[in-house]
Amino acid sequence: MIWGAASDRIGDKRKILTLIGILSSGSLVFLSLTPFFRIPSILIILLTIILGFSISGWNGIYQAAIIEYGGDQTAAVSSGVSLTFTYLGIFLFPLFFGWSKDTFSSFSISWVIVSICLIVSTLMIHREKNTPSVKTSTFAG
């Protein structure tokens with residue numbers, strides 16, 4: 001709900017998705033390094049809260065952005081294709097995560113790989129130059 005309100009206020013869902021990606025990947029990197037460094041418990045708790053907050057609302061913003069950038073004529077197709085690849089990733093990525101944990105014998109390296117994937121996808125979203133097909137200056141609520 002908070003990410004949706006922020007998106008309505010700013011008007012550019014890419015900026016919100018970029019912020020979510022930065023907060024999520026930064027938190028994941030720091031949390032993945034906790035076995036190697038002595039980090040105060042309060043910092044781990046804070047990073048966990050930031051991670052949970054940042055990843056909890058990405059899908060609604062993402063889906064709204066897909067529909068906005070696709071426009072009225074292609075909203076169903078663009079959201080269908082997008083959801084197909086999203087759910088394919090939800091199905092396949094845990095297998096890849098397990099494989100990387102077994103290969104490198106480290107959860108930390110697996111989480112860093114997740115962070116790298118998140119950073120790459122965040123950069124792809126941030127660098128997209130297309131403008132929305134739908135006017136976004138009105139508030140949803």
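Brief remarks on what is shown
- Computed label-point distance, nm, for sites residue 2 and residue 92 using a 7 Å Cα→Cβ extension: 3.3 nm
- What the phi angles of region 55-63 give under the Karplus curve with 6.51, -1.76 and 1.60, with θ = phi - 60°, is a coupling list of 8, 6, x, 5, 5, x, 5, 4, 5 Hz, glycine and proline written as x.
- Of 110, 25, 41, the one that fluctuates the most in a GNM where the chain has Cα springs shorter than 10 Å: 41
- Accessible surface of the chain, 1.4 Å probe, proportion on carbon and sulfur as whole %: 72 percent
- Near residue 39, no amide H atom lies under 5 Å from its own; only residues 5 or more places off or on other chains count, and H is placed 1.01 Å from N.
- What the chain shows is 67 Å² of accessible area per residue, with the surface traced by a 1.4 Å probe over protein heavy atoms.
- Compared with the direct C-alpha span, the chain from residue 9 to residue 50 gains 12.7 nm at full extension, assuming 0.36 nm per residue.
- Residue-span extension gain [residue 106 to residue 124] - 0.36 nm each, minus C-alpha spacing: 3.7 nm
- About its Cα centre, the dipole of region 1-125 is roughly 300 debye, where the only charges are +1 on Lys and Arg Cβ and -1 on Asp and Glu Cβ.
- Under Karplus coefficients 6.51, -1.76 and 1.60, residue-wise ³J(HN,Hα) of region 13-24 in Hz, glycine/proline x: 5, 4, 5, 5, 5, 5, 4, 4, x, 5, 4, 5
- Folded to 0 to 90 degrees: helix 75-104 orientation relative to the chain principal axis, Cα: 10 degrees
The values are calculated or read from the model by the stated rules, or taken from the named source; none is laboratory data. Computed from a predicted structure; not experimentally measured. Virtual Cβ from ideal backbone geometry, glycine too; neighbours counted across all protein chains shown. When the accessible area is computed, the model is the full protein with side chains, heavy atoms only, and any ligands, DNA or RNA have been set aside. Shrake-Rupley method; radii C 1.70, N 1.55, O 1.52, S 1.80 Å.
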